[in-house]
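Following: one structure in structure tokens, then a few remarks.
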Amino acid sequence: MTALRARRELGVLLALALLVAFTAADNSRFLSSQSIRDVLLSASILVVLAVGQTVVVVTRNIDLSVGSVLGLTAFATGKLFVAAPGTPLVVAVLAGVGLGALCGALNGALIAAARVPALVITLGTLYVLRGVDHSWASGEQINAADLPRSFLDFGTATVLGVPVLALVAAAVLLVVATWLGSYRVGRELYAIGSEPAAARLSGIPVGARVFLAFVVSGALAGLAGVLHAARYGTVDATVGSGMELQVVAAVVVGGVAIFGGSGTAYGAAIGALLLTTIGSSLAVLRVDPFWQQAAVGGLILAAIGLDRALAARTARRAAARSAADAAAGQDAGRRGEREATHGS
Amino acid sequence: MSLLRLRDVSKSFGAVAAVRGVSFGLDPGVVHGLVGENGAGKSTVVKMLAGVHRPDAGGVEIEGRPVELHRPADAKAAGIAVIHQEPTLFPDLSVAENIFMGRQPTARLGRIDRAAMRRAAEELFARLGVAVDPERQARGLSIADQQVVEIAKALSLDARVFVMDEPTAALTGVEVRRLFAVVRGLCERGAAVLFISHRFDEVFTLCRDLTVMRDGAWVSTDPVADLTVETVVRRMVGREVSALYPREPGANEPGEVVLDVKGLSRAGAFSDIGFEVRAGEIVALAGLVGAGRSEVVRAVFGVDRYDRGEVRVGGRRLPPGSPAAAMAAGVALVPEDRRQQGLVMELSVERNATLTRLRPLARFGLLSGRGERRAAAEWAERLRVKHGRPTDAVGTLSGGNQQKLVLAKWLATSPKVLIVDEPTRGIDVGTKAEVHRLMSGLADEGMAVVMVSSELPEVLGMADRVLVMREGQLTAELPGRRATEESVMFAATGQREGGA
């Protein structure tokens, strides 16, 4: 199983490598450190969101509200700095994460209370939170001039040539992937998505775990909102609109099964990187932006097709094996029956 | 002293008493068999031990001390493990993770120690004497291996009481023998095993004690050595056919052959099934749960495919796998699971009642609301469906009324052949009698009726002919008047009268 999963992520990585190689062959500047930095910088926000989404999707749920949560926290962060320009960076980040976690808790509580699929609940909160954002902003826009220099520097700074934002995303990825892969609670999330009934029977507190998954997803969307504000400096009420679909696309392309139970945060992160790279590489290749969307769509379909094919092959093999077992078993069984008849 | 003892446990669901005052004990190191007809209450007993259902009265004792089993976790804590016929594992996770979910061995900082987990799983499989790769994904494991994984999980939880609910139903001969070896190994370690099976040869081979249940009540507990298959079967049935059945089997003079099934086979489900049904006849398909009866009627109706054979209605061959063609030829199927297959629970009563005959009700392709209401009212009245308004959602009706509505839906197509799968499962006695009266009336009007039923009294009280299936084969055809509970049961379990 581990081998299969690794192979799946290797496939996405391979696609990414091919894309980069192909683009670089056409225009060598695509591999310049500036261009790589740009891609990493743009990808880091999507990576954080995709990692959060993975936590929810492995439990056989989905969080469509992440774009709105990002928008709301980005605006709140701006407002915070306008009201108190001296706020330390750490406090701003914690405030954003906290607000995001609160939105996630709202999702989780509604899902637990209403026993309605997460798709519907988070579709609702997607619009509700966007509405809150709009009425709070009431047309106002926060500009880079309103934000302290130190905060904007955080958005563009680099350490040894690597953007700090990318380092933050990598750290989030490492922590969440380890948590999902090697800790009991993380594995329970997979168990819930793999077979909810069995999870309940083996004593996993399903409701509490799903709630936790939504809080994590919300918190990471909140973090992404703070990163967004730092990176772009300009924040209005439309920030992050439609981002939820990009996130879901990244997760699916990265091999996280939409029916839960399998896939890793690493895969989702590579998926996010791939989607971002497609954007800039098609621009470098001077491909019509329309085809960019079509390429993303094609990639999603290819990823799902690949997953289906892998699953079908596993099923075929299992069927062949058990058929062989059954044939051997029936022969022996018949012999057994004959012996029994002789005995009586 | 018994390791586990049931003391006067009772459980009712609504008005139906599923288990009434059952007591027996399981001794350490002993395999204890539990047999009974379908619906005798065995599964309810299992569910009470599993902590899924709470007994209304009486209780469970472990080593003489009463234990409260409110949740599955309570049963686990009390050392009771239930191995289901088809265990539910996490298909995406490894075998080792399935065993240790939530209790994985951890190393530094609470990280899961995968190597230790694999070793522990290997140790468990070694104790059980079976070879399963702990690293492989659970998806694709044979049912036998899935059971072994469940048993390993129970062992790792220090379970001392193992409840096995028909574990062998889906196993091959070799797998059954391997399971028996595992079970004997568990007993040598002092575990108590409750073994439920429909196969007498297994019960008599494996068990030391045997408890028989009937109609939710305890009948007897004896050492197997003192029993014969015959006495056990007598104790399992032995009931009077009540006045629930308005019909006198064999009273109608059957007409033309309407439904003719020849050599119907599907690998792994049923093989070489052949029978015919005449107009005005009720033919019952009897057998144990899992014998393949539902699969046969689903194939006849075209919901499922079949590999070989043919189905003819009124002499004309039905194309396989086409329910639309079967409906056009005048076949109707009332499925077993009405919630999932028979009704659209959210739609209104009238909409459901006319779903099957939208075409004749439509004018210029548009449904006429008035026509729909009229047809619905007509059948609902004829079947005495008790509903509020015809516009109420079907989900609000009682089980019995839902069943009548499914019948209404199909009868509105005026079929020549009516196939009903478990027509009275889960409905109260009064409605049962009504459904029987209705089916009897339809046969009198010349309809050919095929009834799949697990309730022997219903089979004997209603059927002109009884076809008995066992493990995918047709094993007996008995005229309704001559069939007895014993003869049907013997054919269904593969035991001949007097032989053991």
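List of remarks:
- Rounded, prolate or oblate (a/c below 1.5 giving rounded, otherwise prolate when a/b exceeds b/c) for segment A:2-287 by Cα gyration tensor: oblate
- Per-residue extension of 0.36 nm, minus the Cα-Cα distance of residue A:153 and residue A:115, leaves a gain of 9.3 nm for this segment.
- Its relative contact order, with pairs defined as Cα atoms under 8 Å and 6+ residues apart, puts chain A at 32 percent.
- Cβ-derived FRET efficiency at R0 22 Å, residue B:221 paired with residue B:12, nearest 0.05: 0.45
- Members of B:262/B:432; B:76/B:432; B:42/B:153; B:42/B:409; B:262/B:404; B:42/B:432 lying beyond 27 Å, as alpha-carbon distances in this model show: B:262/B:432; B:76/B:432; B:42/B:409; B:262/B:404
- Chain A: angle of helix A:66-83 to the longest principal axis, Cα-based, in degrees nearest 10: 30
- Inter-label distance for residue B:322 and residue A:311, nm, one decimal - labels placed 7 Å from Cα along Cα-to-Cβ: 3.1
- When +1 charges are put on Lys and Arg Cβ atoms and -1 charges on Asp and Glu Cβ atoms, the dipole computed for the protein assembly as shown relative to its Cα centre reaches about 1000 debye.
- Mean residue ellipticity (222 nm) of the protein assembly as shown, computed from DSSP H runs ≥ 4 via -39,500 (n - 2.57), nearest 500: -16500 deg cm²/dmol
- Taking every residue in B:85-98 and counting other chain Cβ atoms within 10 Å of its Cβ, the average works out to 5.
- Note on residue A:291 and residue A:105: with the Förster distance fixed at 41 Å, the Cβ-Cβ geometry gives a FRET efficiency of about 0.50.
- Part-to-part distance (alpha-carbon centres) for segment B:401-465 and segment B:262-337, which is given in Å: 17
- A crude spin-label estimate for the pair residue B:208 and residue A:134, with each label 7 Å from Cα along the Cβ direction, gives 7.5 nm.
- Computed from the alpha carbon positions, the gyration tensor of the protein assembly as shown leads to an equivalent ellipsoid with semi-axes of 57, 35, 26 Å, biggest first.
- Antiparallel %, DSSP beta bridges [both residues in the protein assembly as shown], to 5: 55
- Summed side-chain charge close to residue B:86 - residues other than residue B:86 whose Cβ falls under 11 Å, Lys, Arg +1, Asp, Glu -1: -3
- Estimated FRET transfer efficiency (residue B:61, residue A:171; beta-carbon r; R0 60 Å; 0.05): 0.65
- Counted charge near residue B:118, where neighbours are those whose Cβ lies closer than 14 Å (Asp, Glu -1; Lys, Arg +1): -3
- Burial order of peptide ranges A:287-300, B:90-103 (average beta-carbon count within 10 Å, highest first): B:90-103, A:287-300
- Amide hydrogen proximity for residue B:33: with H placed 1.01 Å from N in the peptide plane, the residues at 5 or more positions away or on another chain lying under 5 Å are B:195, B:208, B:209, B:210, B:211.
- Computed with every protein chain present, the accessible area of residue B:214 is close to 70 Å² [probe 1.4 Å].
- For B:131-139, mean number of other protein chain Cβ atoms within 10 Å: 3
- If you take the Cα centroid of segment A:214-255 and the Cα centroid of segment B:80-124, the two points sit 35 Å apart.
- Solvent-accessible ranking of A:179, B:410, A:136, largest area first, probe 1.4 Å: A:136, A:179, B:410
- Look at the alpha carbon pairs under 8 Å that are at least 6 residues apart: their mean separation over the length of segment A:66-205 gives a relative contact order of 23 percent.
- Shielding value for A:173-183 is 2, the average number of Cβ atoms from other chains within 10 Å of each residue's Cβ.
- Each Lys and Arg contributes +1 and each Asp and Glu -1, all at the Cβ; summed about the Cα centre of chain A, the dipole is approximately 920 debye.
- Between segment A:171-186 and segment A:1-70, the alpha-carbon centres lie 18 Å apart.
The values are calculated or read from the model by the stated rules, or taken from the named source; none is laboratory data. Quantities reported herein were computed from a predicted structural model and do not represent experimental measurements. No Cβ is skipped: glycine too gets one built from the backbone with ideal geometry, and neighbour counts run over all protein chains shown. These area figures cover heavy atoms from the full protein model, side chains too; ligands, DNA and RNA do not enter into them. Shrake-Rupley method; radii C 1.70, N 1.55, O 1.52, S 1.80 Å.
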